[in-house]
């Protein structure tokens, strides 16, 4: 033992050997003390060490986090990034890894010979224009043969081969059954006015588009069928924007001493209806011309002056107007239009459509419509249209709840400007149900499209 007093140290009596051992022990204790002090300065508190490790780990996982080079005491919130920052980084990573959702892909196809027909123009080519305008879809058009033989296409035409071999969400085949290949998605056969095709002619899994419920009931009772009506014929600008954005001025209804009336017949195999001679104040014209008004419209407007001819020719060539607009120009020459039923084929009265009537109603000219057959009766019941007539031998299988005019009675009533105004107003409301955008949206839903529509946006065709 030893005692320290007043800065001096009293050493006990030791042998020489013990003295050396004691000095050595003091040296060792001094060195240990110095090392312990050094270690205490180097090693930071345990909590700070953990935070440092977490910081380095986070910095590697989240590159956006700032790495502090100096080791300094800090709070947890300074070292660990906020939760919303981490989520943001993860979201950016996910967005890079996941490709944008592909458009809903549709194939519209037919035999090559059918691709020149009016039905293909409406149900495929016009469908493509309107569908791609209104919805987030892509519509491809290829003939049957190319689709079925796509594997044989030369590898040198890689773009075409890739287009033909892509996977579609749905396929519409015009008037012909189609083999259910997986890459074609759901297959719909659009029979339009093919009244021979029936369930037995289809492939397993084919669904059907018909224009009337009667067609489905009679011909496809063993097949899943859907009613997709014909939309009105019009010009592209009017078709794209439906009935809410008219691309023309609605013709005014005026009092006239002589009523100019016409039928646009397009049915040269069957004569126009005969007008009664008792109506001396009515001038009736039957324009019995083939389809394709651009071919014969100049004959109808032959009395027009040069500037009018130039205007019409410009409209006919304008891709935003075209033949549909020329038809409207023709309709506007009359105070009223008469639409008789085409009775040359019984199937048309049961399986057909009201396309002629709604196309002429859309022009704003009052329309007098013959009710004959199931299609026209259904139309009358659905819309309660005022301006209709029946003939003596009309086919009226459904019970009527109102008395219908004869042709002469209807014509007499239509001499009133008030009645023609009523017909115009009712017609313009009815055609909203048959606008191209309305029916195309219906068809897209049947095909399986579930995204949003925007048909009101402006776009030049």
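Values in this text are rule-based calculations from the coordinates and carry no lab data. From a predicted model like this one, the values you see are computed outputs, not experimental measurements. Glycine gets a Cβ as well: all are built from the backbone with ideal geometry, and neighbour counts include every protein chain shown.
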Check: Mean shadow of the stretch 104-231, computed from the convex hull of its alpha carbons, in nm²?
Finding: 7.9
Next item on the list: Rounded to the nearest 0.05, what FRET efficiency do residue 166 and residue 278 give with R0 = 56 Å and r taken as the Cβ-Cβ distance? Could you check?
Entry: 0.30
Margin query: Between residue 421 and residue 249, what's the calculated FRET efficiency when r is the beta-carbon distance and R0 is 22 Å? Round to 0.05.
Written below: 0.90
Notebook entry, point to check: Using a Förster distance of 60 Å, how high is the FRET efficiency between residue 305 and residue 198, based on the Cβ-Cβ distance and rounded to 0.05?
Noted result: 0.65
Check: Under a point spin-label approximation (7 Å from Cα along Cα-to-Cβ), what is the residue 406-residue 181 distance to one decimal in nm?
Finding: 6.1
Note to self: So for the stretch 323-461, averaging the separation of alpha carbon pairs under 8 Å that are six or more residues apart and normalising by length, what relative contact order in percent results?
What the structure shows: 21
Check: Residues in the stretch 336-361 near a label at residue 227, defined as backbone nitrogen under 20 Å from the 7 Å Cα→Cβ point?
Finding: 341-342, 346-359
Item checked: Two-decimal ratio, the stretch 182-335, of alpha-carbon radius of gyration to 2.2 N^0.38 Å -> 1.41
Item checked: Semi-axis lengths, Å, the stretch 245-434, gyration tensor of Cα atoms, sqrt of 5 times eigenvalues -> 27, 19, 17
Next item on the list: Output the relative contact order of the stretch 337-395, whole-number percent, from Cα pairs under 8 angstrom with separation of 6+ residues.
Entry: 36
Check: To one decimal place, what Kirkwood hydrodynamic radius in Å is obtained for the stretch 262-316 from all pairs of distinct Cα atoms?
Finding: 13.3
Checklist line | Relative packing of peptides 222-231, 308-317 - highest average C-beta neighbours within 10 Å first | finding: 222-231, 308-317
Check: In nm, to one decimal, how far is the modelled label at residue 450 from the one at residue 392, with both set 7 Å along Cα→Cβ?
Finding: 5.9
Notebook entry, point to check: Sorting 296, 332, 265 on the 10 Å Cβ count, fewest up front, what's the list?
Noted result: 296, 332, 265
Checklist line | Footprinting exposure proxy for 215, 383 (fewest neighbouring C-beta atoms within 10 Å first) | finding: 383, 215
Next item on the list: Could you please rank 390, 338, placing first whichever residue has the fewest other Cβ atoms within 10 Å of its Cβ?
Entry: 390, 338
